[in-house]
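The values are calculated or read from the model by the stated rules, or taken from the named source; none is laboratory data. From a predicted model like this one, the values you see are computed outputs, not experimental measurements. All Cβ positions, glycine included, derive from the backbone under ideal geometry; neighbour counts span all protein chains shown. Please note that ligands, DNA and RNA were not included when accessible areas were found on the heavy atoms of the full protein model with its side chains. Shrake-Rupley method; radii C 1.70, N 1.55, O 1.52, S 1.80 Å.
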Amino acid sequence: IKIDKSFVSEIMNNEKDAIIVNAIITLAHNLRKEVIAEGVETQEYVEFLKELDCDYVQGYVYYRPMPPEEFEERFLIRNEKIDL
């Protein structure tokens, strides 16, 4: 289950959003589903979501959007055949 960034972006400043995010995580786990929070921009948010037992986070805290070519260059391992 994905938690929209509109809720995540205010969890540190808005108690109601923090309560909603916590409720979504609890409900999802009770349904045996994993949870990903989107729009996470700081390490503070990562730590807060860890405390709520959120399974995954995504957002600018890790990387900004990039062109596919740059992604391939940074993150994909190329399988090169080695002749023996």
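Of note:
- Inter-centroid distance (Cα atoms) of the range 50-65 relative to the range 5-47, Å: 10
- Measuring nothing but protein heavy atoms, the accessible surface of the range 1-60 at 1.4 Å probe radius is 49 percent carbon and sulfur.
- Loop-located trypsin sites (Lys or Arg not before Pro) in the chain (DSSP state not H, G, I, E or B) with no more than 15 neighbouring Cβ atoms inside 10 Å: 32, 33, 78, 81.
- Neighbourhood charge, 11 Å Cβ-Cβ cut-off, centred on residue 63 and excluding it, Lys, Arg +1 and Asp, Glu -1: +1
- Positive-end residue of 36, 48, 11, charge dipole of the chain with Cβ unit charges: 36
- The chain: chymotrypsin sites (Phe, Trp or Tyr not before Pro) falling in loop per DSSP and having at most 13 other Cβ within 10 Å: 60, 62, 63
- Summarising the amide proton neighbourhood of residue 3: residues at separation of 5 or more, or on other chains, whose placed amide H is nearer than 5 Å comprise 36, 37, 38.
- Of the two radii for the chain, the radius of gyration is 1.17 times the Kirkwood radius, both from the alpha carbons; that is the Rg over Rh value.
- Sum of side-chain charges, residue 28 neighbourhood, beta-carbon under 9 Å (Lys, Arg +1; Asp, Glu -1): 0
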